[in-house]
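One structure is given below, encoded as structure tokens.
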Amino acid sequence: MRLPFRPLAVLLFAALAHTATHAAEAQVAVAANFAEPIKAIAAVLEKTTGHTLKVSTGASGAIYTQIRNGAPFDVFLSADHQRPELLEKDGLAQPGTRFTYATGQLVLWSAKAGRVDAKGEVLKAADLGKVAYANPKTAPYGAAAVQVMERLGLGTALAPKLVQGESIGQTFGFVKTGNADVGFVAMSQVLLGGRLKEGSMWVVPPALHDPIRQDAVVLKRGESNEAAQALIKLLQSPNIKDLIRSYGYGV
Amino acid sequence: MATGFEAVLLTPSDLQAIWLTLQVAGLTTLILLLLGTPLAWWLARLRRWWVKPVGALVALPLVLPPSVLGFYLLVTLGPQGPLGQAMLALGLPTLPFTFAGLVVGSVFYSLPFMVQPVLSSMQALGERPLEAAASLRASPLDTFFNVVLPLCKPGLITGTIMSFAHTVGEFGVVLMVGGNIPGVTRVVSVQIYDHVEALEYADAHRLAAVMLGFAFVVLLALQLYNGRGRSESANGGRA
């Protein structure tokens, strides 16, 4: 019964061996805020090298925990720089491969047009409703938002109005549904093709908070994965940097 | 406020989350007793076409993920949603990010845990006690309070314990509509999630162990109670 299938199996094995040397596949864990750009980047990677990516998106904290517990990822594009650093210390990442692939741009956004002015004065408005921000303990955009409010001297005034999303995605949801009047979100969430999708925003001056460094790192499992190494190289190429910028990140 | 022992085990914000959780679960259970009991009675007694659809609606949270419930609460209760707009028109604040909002969400979320046990004890009642009460000229209200409720006590107690415990264990709904505000909406489950996400594993472990112990004690109590009820009714049958 099994004999007739043997040639097929040999052929299949040969085909697999062939692809293994020329077109590899990497499992990439990506912070949720970078879900859109990574799709475009994966398409470029496949077109130029034939390598493919299998992308899992989620909260950086959750991904980090998964990796520590043996999740089969080759590359990690985090929303922060602490977790890739920790993975390197833990011996779970390939040393020397960590670098900043994007810098997050914080914006104050409202789903209502004309609500947020170009200087963020709305934060001092008497009729200001709920202000959403991401959990500063776990989301770098949330930590940056706290710094902004403190540096503007608004920390105590805004405290009773604050609501916290567990992630920058949930924070965006609070504002999008109008449950929060304004919110500190990632510029990448409110832009489409480089332009504001809807509502109104204030691009928070980067001087008001520590840079939101999003670091990438190759994990131990991806050390000899060609697709993983190719992705890291691609992320540093000028064309891809332009692409990342168009999604509302600094590079 | 905290005794020395608690302070070693749990942080002040953990204790605050526990206290808040008990408040949400307590109030939710009380509301469910007041709403769920008559609702179960209608479902048990009425022979109308809409009884089955209502029964299915009540059971929905058993099947739906809490994220679905939380999402719809956020959208419909928000300032752009129909219910949210109605509340604003009445001069009331919208519910997301408030203690009241959490309770409303929990009432939906735990509704079947109250209604199902009460309903099944009411269905098990049969016609005879009601006919006996009617022949003694008891009014329907009188019958409900003095015949039905005492006879359905096991169902009511099971429903109360299950509603309370289920609300304590709630996570998805509060995560979606809560806003994680300390003392207002940050309940124990969200606090544990926070600890884990912030890599505070020791803190997460302590609070999670408390929850685990609580859940076990509740379920054990329920088993002991049900076991007692069964042997009582068995004896009653023999007598």
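Worth pointing out:
- Per the listing A:Val146, A:Val107, the residue uniquely away from chain B (no Cβ under 14 Å) and among the β-branched types (Val, Ile, Thr) is A:Val107.
- For region A:131-143, residues that are under 21 Å from B:Gly84 (Cβ atoms) and either within 9 Å of chain B (Cβ to nearest Cβ) or open to solvent by 20 Å² or more (accessible area, probe 1.4 Å) (or both) total 1.
- Test: residue in region B:170-181 that is buried (at least 19 other Cβ atoms within 10 Å of the Cβ), of a type in the set (Asp, Glu) and at pLDDT 90 or above: yes
- From the list B:Trp49, B:Trp42, the lone residue that is more than 14 Å from chain A (Cβ to nearest Cβ), over 18 Å from B:Ser189 (Cα atoms) and in a helix (DSSP H, G or I) is B:Trp42.
- Of all the criteria given as (1) more than 14 Å from chain A (Cβ to nearest Cβ); (2) in contact with a Gly (Cβ under 9 Å, 6 or more places away or on another chain); (3) surrounded by 14 or more Cβ atoms within 10 Å (Cβ to Cβ), the one not satisfied by B:Gly84 is (1).
- Residue check, A:Thr156 open to solvent by 40 Å² or more (accessible area, probe 1.4 Å), away from chain B (no Cβ under 12 Å), part of a strand (DSSP E or B) and at negative phi: no
- Entry remark, region A:163-182: residues being within 22 Å of A:Leu208 (Cβ to Cβ), within 11 Å of chain B (Cβ to nearest Cβ) and open to solvent by less than 30 Å² (accessible area, probe 1.4 Å) number 8 in total.
- Among residues of region B:126-155, those that are in contact with a Leu (Cβ under 9 Å, 6 or more places away or on another chain), in contact (Cβ under 8 Å) with a residue 24 or more places away in the chain and open to solvent by 30 Å² or more (accessible area, probe 1.4 Å), counted: 2
- Any chance B:Thr167 is surrounded by 22 or more Cβ atoms within 10 Å (Cβ to Cβ), within 14 Å of chain A (Cβ to nearest Cβ), touching a helix residue (DSSP H, G or I) at 6+ places or on another chain (Cβ under 7 Å) and in contact (Cβ under 8 Å) with a residue 24 or more places away in the chain: no
The values are calculated or read from the model by the stated rules, or taken from the named source; none is laboratory data. Just so it is clear, the model here is predicted, and its values are computed rather than measured. For neighbour counting, all protein chains shown are included, and Cβ atoms are generated from backbone atoms with ideal geometry for every residue, glycine included. Side chains included, ligands, DNA and RNA excluded: accessible areas come from the protein's heavy atoms. Shrake-Rupley method; radii C 1.70, N 1.55, O 1.52, S 1.80 Å.
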